[in-house]
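Each value in this text was obtained by applying a stated rule to the coordinates, not by laboratory testing. As the structure is a prediction and not an experimental result, all values here were calculated from the model. Note that each Cβ is placed from the backbone with ideal geometry, even for glycine, and that neighbours are counted across all protein chains shown.
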Amino acid sequence: MTDLFDKHRGIAERHERMMSLGVNAVSLTNDRILSPTRAIINGRETVLAGTNNYMGITFEPDCIAAGQEALGLYGTGTTGSRIANGSYALHRDLEKELAGFLNRTHCIMFTTGYQANLGMLAGLAGPKDTIYLDADSHSSIYDGCTLSGAKLVRFRHNDASDLDKRLARSEEGGGRLVVLEGIYSMLGDRAPLADFVEVKKKHGFQLLVDEAHSFGVLGPNGRGLADEAGLEDDVDFVVGTFSKSIGAIGGFGAGNHPLFNMLRYASRPYMFTASPSPATVATSLAAIRKLKAEPERRERLAVNSARLFNGFKGLGLALGCDSVSPIVAVNCPDEVSTIAMWNALLNAGVYVNIALPPGTPGKQCLLRCSVSAAHTFEDIDRIIALFGEVVAQGHYKKAS
Amino acid sequence: MNQDIFATLCQLLEPFNSAKIALKPETDISADLNIDSVSVMDFVMEVEDHFDIEIPLNVLSETRSLADLVKVVEGRLAKV
């Protein structure tokens with residue numbers, strides 16, 4: 001008999017190696033969360049610099065109050081799918097509010113951000129269609145593409161001319177959907193949207209932009225990359241998440257197509273799962289209103305992001321990209337030294353994400369920071385100083 | 001099996017074959033060469049561009065060995 005776990009023995013060896021170097025970097029436990037930027041980890045207060053909590057919105061009193069009120073009014077869970085008993089007035093209110101925020105006719109919410117990509121991609125594309133996806137796409141995009149059954153063509157990251165070439169090469173037939181991301185989650189770089197829109201005009205396809213890391217962050221209205229680039233009319237579908245700028249959990253898809261709502265009856269990740277819990281929906285709704293009312297959060301985030309980016313540049317660190325975004329990734333030499341540096345940073349009182357191949361583009365080993373509007377300048381300067389001590393001064397050489 | 005295509009594939013695979021394992025038609029591209037899923041897709045992108053053909057990702061789930069990939073390339077070239 002073949003043991004089904006045989007294929008995971010390589011993972012077990014890698015896990016052992018990571019454990020031997022210190023704390024398990026990929027299953028860390030926050031004992032307590034004190035604020036959007038502080039937690040108790042291993043018994044000590046730690047600065048959080050890898051949470052994707054871009055707006056610093058997770059402890060806002062009115063969001064918490066909205067969640068508590070919803071718990072009392074609607075109970076702990078919906079116990080059902082949106083197409084059965086799981087649609088409450090709250091879900092419809094949130095979709096309406098978000099459609100307004102996004103300036104789109106229609107919006108559908110999903111239970112998680114992961115499911116938003118699964119649901120949108122599998123709802124939009126079918127076996128007779130082709131999806132063109134950026135090589136650096138998030139796993140939820142790859143998985144959504146697979147679930148759709150569509151033909152999948154991968155193009156080189158952020159390379160509109162490569163997409164142009166592949167579209168020209170394609171066999172005719174079926175719909176064509178191109179998928180981009182506003183800000184790519186590992187390196188923090190943006191899609192060159194104007195270039196892709198030119199290719200769209202040449203070839204004709206429908207365009208979906210996943211604004212998971214750019215929603216709330218980019219653009220004069222905080223609607224994401226398309227808002228920043230002034231190209232919202234050229235983007236057919238927007239996907240996003242509530243687990244970053246909104247500080248909750250859930251996801252959404254939005255668009256202006258007259259048949260958009262038919263996705264509610266065609267998208268399995270929408271239909272065959274319980275709808276988001278009332279408290280989650282209520283805190284998300286309150287957070288969207290807060291984002292609209294407080295654009296200064298976005299401005300503060302931009303200032304903080306630039307401060308960290310420039311501080312790291314000043315240390316001579318190799319960064320994931322040349323543009324400022326709330327994701328500032330430091331490129332490290334190899335897996336062992338990256339784990340050692342991550343441990344050293346944690347011991348010094350700062351948590352960042354560790355990102356290792358194959359979850360990263362080009363086999364890069366990254367210490368990935370994400371900035372929050374709730375970080376103070378002192379926080380940012382401390383993160384820079386600790387990276388200076390641990391990373392720039394070659395701590396990894398000692399570790400290896 | 002088309003030896004010319006096989007030889008070209010071996011050449012294109014070289015930068016991904018960091019362990020420098022000897023390549024045979026029956027070599028499993030992922031398992032034998034210990035190449036992760038992203039690198040396999042990157043390699044196939046090189047193959048697409050070299051031959052100017054389209055190899056959708058869906059095809060890869062049934063393409064294990066180099067000989068399998070030779071057949072895929074042959075089939076795609078015949079369509080062009």
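Which ordering of A:Ser243, B:Ser61, A:Ser161 is given by a fewest-first count of other beta-carbon atoms within 10 Å? Numbers along the way, then the final one.
Values: A:Ser243 19, B:Ser61 8, A:Ser161 12.
Ranked by crowding around the Cβ, least crowded first: B:Ser61, A:Ser161, A:Ser243.
Per-peptide packing, taken as the mean over residues of other Cβ atoms within 10 Å, places A:286-299, A:378-391, B:11-24 in the sequence A:378-391, A:286-299, B:11-24 from highest down. Springs join every pair of Cα atoms under 10 Å in this Gaussian network model of chain A, and among A:Gly219, A:Gly67, A:Gly75 the largest mean-square fluctuation is at A:Gly75.
Take the Cα atoms of region A:61-293, build their convex hull, and give its volume per residue in Å³. Could the numbers behind the result be given before it?
On the way: hull volume 25.1 nm³, N = 233.
Once divided by residue count, the hull of region A:61-293 is 108 Å³.
A straight Cα-to-Cα reach below 21 Å connects A:Lys96 with the lysines A:Lys244, A:Lys290, A:Lys292, residues fewer than 8 places away in its own chain not being considered. Here the Karplus relation 6.51 cos²θ - 1.76 cosθ + 1.60, evaluated at θ = phi - 60°, turns the backbone of region B:49-56 into coupling constants of 6, 4, 8, 6, 10, 10, 10, x Hz, with x for every Gly and Pro.
Treating each Cα of region A:251-400 as an identical point scatterer and ignoring solvent, apply the Debye formula and state log10 I(q)/I(0) at q = 0.15, 0.18, 0.20 Å⁻¹. Per q value, in the given order, log10 I(q)/I(0) is -0.89, -1.03, -1.14. What is the antiparallel percent of DSSP beta bridges lying wholly in region A:61-293, to the nearest 5? Within region A:61-293, antiparallel bridges account for around 40 percent of the total.
Would you work out the charge dipole size for the protein assembly as shown about its Cα centre, treating the Cβ of every Lys and Arg as +1 and the Cβ of every Asp and Glu as -1, and quote it to the nearest 20 debye?
Numbers: 46 positive and 58 negative charges, 169 e Å.
Once rounded to the nearest 20, the dipole reads 800 debye.
Who wins for biggest fluctuation among B:Asp68, B:Asp28, B:Asp42 in a Gaussian network model of chain B, springs between alpha carbons below 10 Å? Fluctuation is largest for B:Asp42. Peptide A:177-184: average number of partner chain Cβ atoms within 10 Å per residue? Counting other chains' Cβ atoms within 10 Å and averaging over A:177-184 gives 0.
Please give the calculated 222 nm ellipticity per residue for the protein assembly as shown, where each DSSP H segment of at least 4 residues contributes -39500 (n - 2.57) and the sum is spread over every residue; nearest 500 deg cm²/dmol?
That calculation yields -13000 deg cm²/dmol at 222 nm.
When only alpha carbons are used to place a centre, region A:1-69 and region A:142-173 end up 34 Å from one another.
Can you sort A:Met19, A:Met109, A:Met186 so the residue with the fewest Cβ neighbours within 10 Å comes first? Show your work: numbers first, answer last.
Numbers: A:Met19 12, A:Met109 26, A:Met186 21.
Ordered from fewest to most neighbouring Cβ atoms within 10 Å, A:Met19, A:Met109, A:Met186 come out as A:Met19, A:Met186, A:Met109.
What is the distance in Å between the Cα centres of region A:70-90 and region A:336-384? Using only Cα atoms to place each centre, the spacing works out to 38 Å.
Which shape class, rounded, prolate or oblate, goes with region A:228-277 when its Cα gyration tensor gives a ≥ b ≥ c as root eigenvalues, a/c under 1.5 marks rounded, and past that a/b bigger than b/c marks prolate?
Values: a/c = 3.63, a/b = 1.18, b/c = 3.07.
Because a/c hits 1.5 or more and a/b fails to exceed b/c, region A:228-277 counts as oblate.
Across peptide B:32-41, the average count of Cβ atoms from other chains found within 10 Å of a residue's Cβ is 3. P(r) for the protein assembly as shown, from all Cα pairs and a bin width of 20 Å, is 22, 54, 23, 1 %, short bins first. Within the protein assembly as shown, antiparallel bridges make up roughly 60 percent of the DSSP beta bridges whose residues both belong there. Here the ratio of the Cα radius of gyration of region A:206-333 to 2.2 N^0.38 Å is 1.23. Please list, in order along region A:215-225, the HN-Hα scalar couplings obtained from phi with the Karplus expression 6.51 cos²θ - 1.76 cosθ + 1.60 (θ = phi - 60°), rounded to whole Hz, x for Gly and Pro. Here the 3J(HN,Hα) series is 5, x, 9, 9, x, x, 10, x, 8, x, 4 Hz. Here each label is just a point 7 Å from Cα along the line to Cβ, and for A:Ala306 and A:Val26 those points are 3.7 nm apart. In plain terms, the residue of A:Arg14, B:Arg76 with the fewest other Cβ atoms within 10 Å comes first and the most crowded comes last, giving A:Arg14, B:Arg76. Structure remark: mean-square fluctuation, Gaussian network model of chain A, C-alpha springs under 10 Å; the largest value among A:Ser170, A:Ser137, A:Ser267 belongs to A:Ser170.
Charge tally for B:Val38 (other residues, Cβ to Cβ under 12 Å; Lys, Arg +1; Asp, Glu -1): -1. Summing Lys and Arg as +1 and Asp and Glu as -1 over all other residues whose Cβ lies under 13 Å from the Cβ of A:Lys290 gives a net charge of -1.
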